[in-house]
Amino acid sequence: MIRAIDRTILNFDQLGLTPTLLRAVGDMGLFAPTPIQAEAIPAVLKSADVWATAPTGSGKTLAFALPLVQQHLLQPRQTNFRRPIRTLVLVPTRELAVQVGDILTHLAYQPGLKVAVVYGGVSINPQMMGLRGGADIVVATPGRLLDLVDHNAVHLANVQHLVLDEADRLLDLGFADELQRVLALLPAKRQTLLFSATFAPEVEALAANLLHDPVRITVEAFDGHKPDITQRAIAVDEKSRTALLRHLIAENGWKQVLVFVATRYACEHVANKLYKAGIYATPFHGEMSQGARQDTLAEFKAGRWDVVVTTDLASRGIDIAMLPVVVNYDLPRSATDYTHRIGRTGRAGAHGDAVSFVTAQAQAHWQLICKRESLELTLEQVPGFEPVDEPPAPQGNGGIKGKRPSKKDKLRAAALGHRPN
Ligand code: ADP
Ligand code: MG
């Protein structure tokens with residue numbers, strides 16, 4: 001359960017929600033709104049555009065889902081013949097579509113609203129069938145949504161509410177074309193809601209452009225609202241990382257560990273090595289079939305796998321109750337990715353541990369992440385796994401005098417068996 005509650009608002013019924021939705025929230029076993037819910041729900045109910053930043057695991061889904069469903073209840077649709085899509089929720093991954101779709105489906109059940117959840121990697125036909133007669137709320141990944149538009153199965157001209165969950169991810173380059181195409185199909189006059197734990201400076205201008213006179217809500221990650229995650233960094237040689245991971249799993253008796261690596265290949269490789277060493281480990285990445293992806297995640301949530309080795313695919317939004325440990329086997333590319341990765345643990349007030357492996361090669365990059373995140377962590381060493389590799393000589397010095405590898409550097413590198421820069 002979330003610990004920190006806004007001091008002034010103690011109950012969901014003080015937020016202007018209807019009894020139907022209050023019951024739905026009660027059915028979920030929730031007692032009090034989280035800070036982002038306390039702030040965002042009234043703003044969304046007022047039909048304002050909202051730009052919300054709140055930490056990982058702080059309850060952002062209900063912060064938009066509850067007031068949106070309520071808006072549907074307050075403005076009954078004109079006809080039962082064909083339901084126009086009035087709310088569109090975009091998310092960056094298929095797993096997140098399922099997760100957000102489940103919550104909206106729960107809230108929409110009693111009021112009799114129809115929620116359709118669409119994402120790629122599975123046959124499009126059942127989704128087209130499901131959309132016959134329309135839907136009140138659609139949760140979608142952008143690519144599949146556009147496929148459905150092309151098949152004439154989805155019409156977006158009546159959308160009144162647009163949500164971008166993990167908004168900064170949807171606004172970055174990887175989704176730029178798809179997002180532009182979707183936006184072009186929506187009415188200009190609509191309510192737009194952006195939710196994320198992070199908004200990198202690069203996407204701020206794009207975000208601002210999408211919004212009309214927005215209510216800006218920032219739930220600071222200060223003590224009490226901050227996810228309760230103990231962060232550690234361990235210096236280790238590249239080749240010793242799997243052994244160290246095995247050691248940590250055995251020593252700490254870790255049962256549910258989410259391990260992040262840099263590539264799909266590494267997912268398979270590390271998972272295999274752990275499996276052969278007798279640890280129930282399995283990969284989870286974007287080259288697996290959607291069925292396998294869904295099964296793996298469900299089995300992990302159910303505790304069948306001790307370790308899931310994944311890429312940044314699993315870094316956004318995925319909610320695994322009480323997930324105790326996240327390991328960065330390879331460091332993330334950016335401080336933003338770091339925030340999202342470790343945010344898979346320490347959710348809804350639970351405690352979590354996040355351990356990052358720092359090789360000699362990655363030390364400079366790690367320092368950059370620490371600086372951006374204002375992290376002050378000592379680089380630990382684990383007995384038996386003390387690193388011997390040395391950091392590489394500085395690269396790309398642009399010919400700055402005194403920065404070229406010295407003869408001594410070259411000899412040292414040769415002794416370590418790699419080429420100097
Ligand atoms: P975010 O999107 O901010 O990362 P989620 O919406 O996925 O967070 O919610 C994280 C977890 O917190 C979920 O397991 C959810 O059930 C739980 N949660 C949400 N709202 C509350 C609340 N008001 N009280 C307790 N737990 C909550
Ligand atoms: Mg979320």
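For this structure, a couple of remarks:
- Qualifying residue in region 89-102 (condition: crowded, with 20+ Cβ neighbours inside 10 Å and away from ligand 2 (no atom under 16 Å from the Cβ)): no
- Of all residues in region 99-118 being in contact (Cβ under 8 Å) with a residue 60 or more places away in the chain and touching a Leu at 6+ places or on another chain (Cβ under 9 Å), the one that is nearest to Gly143 (Cα to Cα): Leu107
- Evaluation of Thr56 against the conditions (1) modelled with pLDDT of 95 or more; (2) assigned to a helix (DSSP H, G or I); (3) not hydrophobic (A, V, I, L, M, F, W, C) shows that the sole unmet condition is (2).
- When Gly346, Gly286 are screened for being at positive phi and among the small types (Gly, Ala, Ser), only Gly346 passes.
- Residues in region 291-316 that are touching a residue at least 60 places away in the same chain (Cβ under 8 Å) and either assigned to a loop (DSSP other than H, G, I, E, B) or outside the structural domain of Tyr265 (by TED's automatic domain parsing) (or both): 1 in all.
- Scope region 342-369; condition out of contact with any Ser or Thr (no Cβ under 8 Å at 6 or more places or on another chain), more than 16 Å from ligand 1 (Cβ to nearest atom) and in contact (Cβ under 8 Å) with a residue 24 or more places away in the chain; matching residues: Val355, Ser356, Phe357, Val358, Thr359, Ala360, Gln361, Ala362, Gln363, Ala364, His365, Leu368
- One residue stands out in region 248-301 among those that are exposed (fewer than 15 other Cβ atoms within 10 Å of the Cβ) and basic (Lys, Arg): the one that is nearest to Val326 (Cα to Cα), namely Lys255.
- The residue that is farthest from ligand 2 (Cβ to nearest atom), among those in region 32-53 that are in contact with a Pro (Cβ under 6 Å, 6 or more places away or on another chain) and part of a helix (DSSP H, G or I), is Leu45.
- Criterion (closer than 23 Å to Thr93 by Cβ, touching a Pro at 6+ places or on another chain (Cβ under 9 Å) and at pLDDT below 95) met by exactly one of Ala350, Ala321: Ala350
- Residue that is at negative phi, within 12 Å of ligand 2 (Cβ to nearest atom) and assigned by TED's automatic domain parsing to the domain that holds Arg86, where the choices are Phe195, Phe199: Phe195
Every residue, every condition in (1) in a helix (DSSP H, G or I); (2) in contact with a helix residue (DSSP H, G or I) (Cβ under 8 Å, 6 or more places away or on another chain); (3) within 13 Å of ligand 1 (Cβ to nearest atom), yes or no:
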{"position": "Thr61", "(1), (2), (3)": "yes, yes, yes"}
{"position": "Leu66", "(1), (2), (3)": "yes, yes, yes"}
{"position": "Val69", "(1), (2), (3)": "yes, yes, no"}
{"position": "Leu73", "(1), (2), (3)": "yes, yes, no"}
{"position": "Val89", "(1), (2), (3)": "no, yes, yes"}
{"position": "Pro92", "(1), (2), (3)": "no, yes, yes"}
{"position": "Val98", "(1), (2), (3)": "yes, yes, yes"}
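- The conditions of being closer than 22 Å to Arg372 by Cα and of a type outside the set (Gly, Ala, Ser) are not met by Asp306.
- Check on Ala362, in contact with a helix residue (DSSP H, G or I) (Cβ under 9 Å, 6 or more places away or on another chain), outside the structural domain of Lys60 (by TED's automatic domain parsing) and not polar (S, T, N, Q): yes
- Some residue of region 153-162 being within 23 Å of Ile342 (Cβ to Cβ) and either within 16 Å of ligand 2 (Cβ to nearest atom) or surrounded by 19 or more Cβ atoms within 10 Å (Cβ to Cβ) (or both): no
- Odd one out for Val149, checked against (1) out of contact with any strand residue (DSSP E or B) (no Cβ under 9 Å at 6 or more places or on another chain); (2) at pLDDT below 95: (2)
The values are calculated or read from the model by the stated rules, or taken from the named source; none is laboratory data. Remember, predicted model here, so these are calculated numbers, not experimental data. Cβ coordinates were reconstructed from backbone atoms using ideal geometry, including for glycine residues, and neighbour counts include every protein chain displayed.
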